[in-house]
Amino acid sequence: MRKHKKLTLGRVILYIVAYIFAFLWLFPIFWMLVSALKPVGTPVSILSKVFTGTFTFRNFILVGEKAPVWTWSLNSLIVSSAVTFGTIALTSMAAYSLSKLNFKGRGLTQLIITAGMMIPIEAIIIPLYQTMAELNLLNTYSGLVFPSLAAPIGVLIMKRCFDSIPDELIEASVLDGANPFQRWWQVCLPLSKSSMAAVGIFTFKNAWNDFLWPFLSVTSEKMMTLPVGIPQFQGANLSEFVLPMTASVIASVPALIVFLIFQKQIMQGIAMTGIKG
Amino acid sequence: MKGATNSERLKNIIKENIAAWLFLIPYLGFFICFLLFPILRGMYVSLFDAALGRESIFVGLENYVTIFKDKAFWQSLFNTLFFVIISTPAIVLVGFVFAIFVNSKLKGTTFLRVSYFASYVLSMAVVTGLWIFIYQPYTGLLSVITNALGLGEIYWLNTKWLVWFAILVTTIWWTVGFNMVLFLVGLQDIPDEIYEAAEIDGANSRQILFRITIPLLRDTTVLVILLQTISSFKLFGQTYLMAGGGPGTHTRTLVHYIYETGFTNRRMGLAAAMSVAFFVVVLLVSLLQNKVFAKK
């Protein structure tokens, strides 16, 4: 480890520039959080009026009366949780099979799943919509959850993790009479908690913020998630800042809290996998 | 296994095959239905004059001829490429600079890292909503500054080219944290001894940056550039939500045009053909990326 260096002129400039950018990056978020606490009608672009005067939590009630923001939050929570738990369960099973079991067609399956990584959702919105319409899954939770469960990245991350579990450990449990299910549940899963956490955190963040597919597949206001509902709400209230900001805060606080708690893991996860949301 | 007879061994192989497929099928079901089948179906639909709720007519490659002759398609491709070209160097460079800041052993490193990265966890809807309020003339946050500077009201999101600048700034603010983290990992892989040796040899910080840091980050940089290129190609939310693809069709991107053709104008076959074209472009970049990854 290198020590903190001596303060030269260059370092002073570095400090100033780095902290100015940190301020610029944080300020919009801070502005949003504070604006949501101002009485409706406050001209929040006049900063002296944002940071002084009265603060109130009433907006969180008012915004719910103006638009079904709490229904959208509930939908977001249901969909993101289902996607997260579904992804962890499905990908850890599939990855275990690909990594630790011998079967006919393993190479080909692995190849097809890896190739699936290169299909962006943007390229399949038309046929996916047609398929979902035929299955009567538009405007349903299942319709929102299922496409996210198809993402291959989790399988590849979990497989890389299982690959690093020594075969001797597995063989030992075979000698103890463990069947494939027990080997997965009792040997492999306990050793891959950190990878499962990485997959889970990322999946949750992406599902919580997912825009394109919910935007296309949900037309009923009651089934909207926050990322789809908020722009619509804001579009109808462009002259009034406070309530749209409040809705945005409701959508952002869970993601920000998850981030602050898990920031180390999130950044390690990116490093490990290079997943871009 | 020792002592296992042939028939026992065969039984075990069959058992393992069955177990393997049982583990795979739940995931594969979703993968096939909602990823693999749609992409193949998209290619198939692109050969038809198809719309929701009526019979499709086989037209062969006619949809591809149509989009080839469609000026609006080329414009949306141009808009997308334009954004790729302006955004990729900008976001990669800012990400690199932020990574250098965080890696410079300043006091408050964690604070800096968290500050640069926090916006990345916000949803696109929140980010665009926030920046609409920043850019909005008369009542927006920037309006206060431009008025103080005597520039008057600027219609950031309704002025050609200026709108691209506004969207670029928004996108940098939103996503640069991701690139920063990738660069940071690359930087931390460079052993301290190399820097120490360079310092003993009397290298100044500029020489260290250009002769050591940048060359050693080559692989990371290539990876970041490719990921950023793909991500910029998919641009839709920012331009759609902030500018509606406007002014006019000035910021209508490829994905936006696919959406309009398929969902607004209900020409599914044509939109599917555009999707195939879009997919091919993204695929080429991904293949390049895999090649780089494989080398690592």
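The values are calculated or read from the model by the stated rules, or taken from the named source; none is laboratory data. Computed from a predicted model, the values in this text were never measured in an experiment. Cβ atoms come from the backbone with ideal geometry, glycine included; neighbour counts cover every protein chain shown. Just so you know, the surface numbers come from the protein's heavy atoms only, side chains and all, with ligands and any DNA or RNA stripped out. Shrake-Rupley method; radii C 1.70, N 1.55, O 1.52, S 1.80 Å.
Only one of the numbered conditions (1) within 21 Å of residue B:145 (Cα to Cα); (2) within 8 Å of chain B (Cβ to nearest Cβ) is violated by residue A:48, and that is (2). When the stretch A:162-180 is filtered for residues that are at pLDDT below 90 and assigned to a helix (DSSP H, G or I), the ones remaining, listed by number, are A:167, A:168, A:169, A:170, A:171, A:172, A:173, A:174, A:175, A:180.
Looking across the stretch B:193-234, the residues that are assigned to a helix (DSSP H, G or I), charged (D, E, K, R) and exposed (fewer than 13 other Cβ atoms within 10 Å of the Cβ) come down to B:193, B:196, B:206, B:211, B:218. Just checking, how many residues over the stretch B:110-123 are β-branched (Val, Ile, Thr), open to solvent by 10 Å² or more (accessible area, probe 1.4 Å) and within 8 Å of chain A (Cβ to nearest Cβ)? Adding up the residues that qualify gives 1. In the stretch A:212-231, what count of residues is obtained for those that are part of a helix (DSSP H, G or I) and in contact (Cβ under 8 Å) with a residue 60 or more places away in the chain? Summing the residues that are part of a helix (DSSP H, G or I) and in contact (Cβ under 8 Å) with a residue 60 or more places away in the chain in the stretch A:212-231 gives 13. Somewhere in the stretch B:239-249, is a residue within 16 Å of residue B:80 (Cβ to Cβ) and within 17 Å of the chain's Cα centre (by Cα)? Checked against the condition, which is being within 16 Å of residue B:80 (Cβ to Cβ) and within 17 Å of the chain's Cα centre (by Cα), the stretch B:239-249 yields at least one hit. Of the residues making up the stretch A:85-99, those that are more than 7 Å from chain B (Cβ to nearest Cβ) and open to solvent by 30 Å² or more (accessible area, probe 1.4 Å) are A:85, A:88, A:89. Residues of the stretch A:111-148 that are over 25 Å from the mean Cα position of the chain (by Cα) and more than 8 Å from chain B (Cβ to nearest Cβ): A:111, A:134, A:135, A:136. Would you pick out the residues in the stretch A:241-271 that are open to solvent by less than 20 Å² (accessible area, probe 1.4 Å) and small (Gly, Ala, Ser)? Across the stretch A:241-271, the qualifying residues are A:247, A:248, A:251, A:252, A:255, A:269. Within the group A:23, A:30, which residue is under 24 Å from the mean Cα position of the chain (by Cα) and within 14 Å of another protein chain (Cβ to nearest Cβ)? Exactly one of A:23, A:30 is under 24 Å from the mean Cα position of the chain (by Cα) and within 14 Å of another protein chain (Cβ to nearest Cβ), namely A:30. Checking the stated criteria, residue B:41 turns out not to satisfy the condition of being without any contact (Cβ under 8 Å) to a residue 12 or more places away in the chain and either assigned to a strand (DSSP E or B) or open to solvent by 80 Å² or more (accessible area, probe 1.4 Å) (or both). A search for C-beta distances below 6 Å between a residue of the stretch A:152-177 that is under 19 Å from residue A:110 (Cβ atoms) and any residue that is open to solvent by 40 Å² or more (accessible area, probe 1.4 Å), counting only pairs 6+ apart in sequence or on different chains, returns A:152/A:117; A:165/A:191. Against the numbered list (1) in a helix (DSSP H, G or I); (2) at the interface with chain A (Cβ under 8 Å from one of its Cβ atoms), residue B:107 comes up short only at (1).
Among the residues of the stretch B:270-279, those that are in contact (Cβ under 8 Å) with a residue 40 or more places away in the chain, at the interface with chain A (Cβ under 9 Å from one of its Cβ atoms) and under 17 Å from residue B:56 (Cβ atoms) comprise B:272, B:274, B:275, B:276. Of the residues B:208, B:214, B:230, B:258, which is without any contact (Cβ under 8 Å) to a residue 40 or more places away in the chain and within 21 Å of residue A:119 (Cβ to Cβ)? Being without any contact (Cβ under 8 Å) to a residue 40 or more places away in the chain and within 21 Å of residue A:119 (Cβ to Cβ) holds for just one of B:208, B:214, B:230, B:258, which is B:258. Evaluated against (1) crowded, with 17+ Cβ neighbours inside 10 Å; (2) touching a helix residue (DSSP H, G or I) at 6+ places or on another chain (Cβ under 7 Å); (3) small (Gly, Ala, Ser), residue B:143 falls short on exactly one condition, (2).
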